[in-house]
1. Looking at this structure, is Gly153 within 21 Å of Lys490 (Cβ to Cβ) and either polar (S, T, N, Q) or surrounded by fewer than 24 Cβ atoms within 10 Å (Cβ to Cβ) (or both)?
2. Being among the charged types (D, E, K, R) and within 21 Å of Asp200 (Cβ to Cβ) is the requirement here; does Glu93 meet it?
3. Quick check, is Gly212 touching a Ser or Thr at 6+ places or on another chain (Cβ under 9 Å) and of a type in the set (Gly, Ala, Ser)?
4. With in the same structural domain as Gly73 (by TED's automatic domain parsing), in contact with a strand residue (DSSP E or B) (Cβ under 7 Å, 6 or more places away or on another chain) and among the acidic types (Asp, Glu) as the only criterion, which of Glu177, Glu182, Glu166 stands out?
5. Checking Phe215 against (1) hydrophobic (A, V, I, L, M, F, W, C); (2) at pLDDT 95 or above; (3) assigned to a helix (DSSP H, G or I), only one condition comes out false. Which one?
6. Could you check the stretch 129-183 and list, in sequence order, the residues that are over 29 Å from the mean Cα position of the chain (by Cα) and of a type in the set (D, E, K, R)?
7. List every residue pair whose Cβ atoms lie under 9 Å apart, where the two residues are 6 or more positions apart in sequence or sit on different chains, the first residue falls within the stretch 170-181 and is at pLDDT below 80, and the second residue, located anywhere, is surrounded by 14 or more Cβ atoms within 10 Å (Cβ to Cβ).
8. Out of all the residues in the stretch 430-443, which are modelled with pLDDT of 80 or more and either in a strand (DSSP E or B) or touching a Lys or Arg at 6+ places or on another chain (Cβ under 8 Å) (or both)?
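The values are calculated or read from the model by the stated rules, or taken from the named source; none is laboratory data. It should be emphasised that the depicted structure is a prediction, and the values quoted were computed from it without experimental measurement. Don't worry about glycine lacking a Cβ; one is built from the backbone with ideal geometry, like all the others, and counts go over all protein chains shown.
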Amino acid sequence: MATERTPTPTWFPRKEPTLNKRFVTNLKRQFALWGSIAVLGAASGSFAASIVIINGDDPGVGYNDPRPVTPVGGNPGTTLGEQRIVAISYVAEIWGRALTSTNQTIEVLSGFLPQGCTGRLASANTWQFSRDFPNAPFRNTWYHAALANKIAGVDLDQARNDPAPEAFAIANFDLDEPNCVEGVSWYYGLDGKPPPGGQDFVRVMLHELGHGLGFATATDEITGEYFRGVPHVWDRFLFDNTLGRTWNDMTVAERKASAVNNEQLVWTGFTVTVDAQRTLTRQPQLDLFVSGASQLNGFVVSGIPNFGLPAGSRRASGLIAFTDDPRPPGDACTAFDTALARKVRGKVAIINRGDCNIVDKVLNAQNAGARGVVLIQPTPAFARPFFPFQFDDTPGIRIPAALISQQDGAKLRASAGNFTAISFIDVQRRAGTDLFGRVQLFTPTVVIGGSSVSHWNTSASPNLLMEPFAVGDESITLRPPTDLTLSLFKDIGW
């Protein structure tokens, strides 16, 4: 059995005169914060899983703050510290009732630290990772401490005679201080109704405790490097539609590229995929699928173009044909001549965007007999593939059309000598899923440390608790049909 503590963090301020020095020292020595929003907890009592919060604050600070406050949103606390304890206890209660019963207590070391008025709200993570413990479903695979204990059926720290909490959680001390950010402060109500500028402590901490209990990969999303050279259990469920492999089967360079492969990284876990069908809303989607090209095989983009076409009429497929002769009608701004029409007839016309209205380009390709149109962005500014067409009036277009990035257009062009076909498929897809119903992870084209990969994609609807940004309507039930957090936990072994 192997266990590794996470590396030393770098974000702690140099001076923390009011905080428990042992608490701060332990955190600095043991943890690396992953940089999303943070979570804490309080004792969950006699719930399915016993979650206990270890107060790391000094007297008069954080959970011990004696400043008087007025009860708010169902929170009866009359001091700032009391309200914080009530709120985190509520979070621990929700998580305790949600998780399957274990024989161990889940301890969360928690406190308030100054993180700046414009810094993160909070941070949370596992205290350590374990692998090759009794009953582990996968060998040579890291698991968060609380999950490892649950699977093993024993407290692995106690078994090693090295007691430690299972997770830590830090909230931003500065947010409640005068003159920090005007109109912005923690809201400690339990009703989910923060005022304008109020940061809902319960929702933030509910989200972050999810990370501490297992909702994140230990693999570095920026470099693609495994933690201590070993994959995390998450990596076995992270599947890249472009590469056609999971993260545990990729090279370091491939994982690094996959982390910014926008909307192409999905979760393959059975429970999440099934539960998404009754949790996420149906939305009309036009999927563009490329096949036969080694660089783009399986490349899928989606959107909702509106040319006023009836449902089902956008389905089309065909081999590709480029129309990029710099002379008219190669730009597709005028009617195609006989030679160009013969080239695109019965195929998908690949056209560079620019020089004229895209409606004219699509109409000219349609009149020449093209079965569909893919337009390539002229500049790299538009990094992700998307469908921008949102016209109120039907311009007489009867074929599907899509817009892709310059980068993907270059890949398509590089495969021109191969057998390359494009299919447009009109479907009612679940919001935030791929062509096969697998839920997408958050992978913007520029890595956001602590957010990329270890969150659901923001295209999910309704909004899910474990998306990277608090948007106000995410569920606190954690389970379908309103959320997918527990579905993912079941996939990884909870």
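1. Yes, satisfied.
2. When the stated conditions are applied, Glu93 passes them.
3. Yes; evaluated as a whole, the condition is true for this residue.
4. Values: Glu177 fails: in contact with a strand residue (DSSP E or B) (Cβ under 7 Å, 6 or more places away or on another chain); Glu182 fails: in contact with a strand residue (DSSP E or B) (Cβ under 7 Å, 6 or more places away or on another chain).
Exactly one residue qualifies, and that residue is Glu166.
5. (3)
6. Asp155, Asp157, Arg160, Asp162, Glu177, Glu182
7. As it stands, the answer is Asn179/Cys117; Val181/Cys117; Val181/Asp174; Val181/Leu175, since those pairs meet every condition given.
8. Across the stretch 430-443, the qualifying residues are Arg430, Ala431, Thr433, Gly437, Val439, Gln440, Leu441.
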